[in-house]
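Comments concern the structure below.
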Amino acid sequence: MAEAAGALRPVAIPNRIPARLRTRRRFGLGARVSFVLFALLVLYGPLILLAVFSFNRSEIISLPWSGFTTTYYHEALGNPDLRNSILNSTIVALIVAPLCVVIGTLMAFALTRFRF
């Protein structure tokens with residue numbers, strides 16, 4: 001009856017791509033490691049440079065260094081509004097992170113055990 005209603009049947013489609021073109025080109029270990037290192041450099045390089053140059057005594061980014069200082073950190077942490085903001089962010093992070101782990105674990109359990 002299903003055939004009478006025009007149900008679709010699976011049809012084998014011949015593979016017209018030659019076997020030599022179907023093989024995946026795999027990159028070697030060196031190329032993959034180089035790509036990962038380049039990606040890490042692009043992502044974290046500016047942050048590392050910013051952190052390093054934040055200890056420079058000069059007010060602008062300059063080479064050679066004019067000396068090592070932590071004055072900018074003392075000024076920033078001496079600001080009570082910034083300290084309150086850091087405290088609030090820390091409290092929120094300490095509450096939200098475990099809550100997300102618990103909810104995510106329960107959702108993963110539900111998705112793997114039950115049918116929806």
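The values are calculated or read from the model by the stated rules, or taken from the named source; none is laboratory data. Nothing here was measured: the structure is a model prediction, and the numbers come from that model. Neighbour counts run over all protein chains shown; Cβ positions are idealised from the backbone, glycine included.
With the structure loaded, tell me whether T23 is of a type in the set (V, I, T), in contact with a Lys or Arg (Cβ under 9 Å, 6 or more places away or on another chain) and either surrounded by 10 or more Cβ atoms within 10 Å (Cβ to Cβ) or modelled with pLDDT under 90 (or both) or whether it fails that test. Spelling it out, it is not the case that T23 is of a type in the set (V, I, T), in contact with a Lys or Arg (Cβ under 9 Å, 6 or more places away or on another chain) and either surrounded by 10 or more Cβ atoms within 10 Å (Cβ to Cβ) or modelled with pLDDT under 90 (or both).
Residue count for the stretch 62-92 satisfying the condition of being part of a helix (DSSP H, G or I) and loosely packed, with under 10 Cβ neighbours inside 10 Å: 4.
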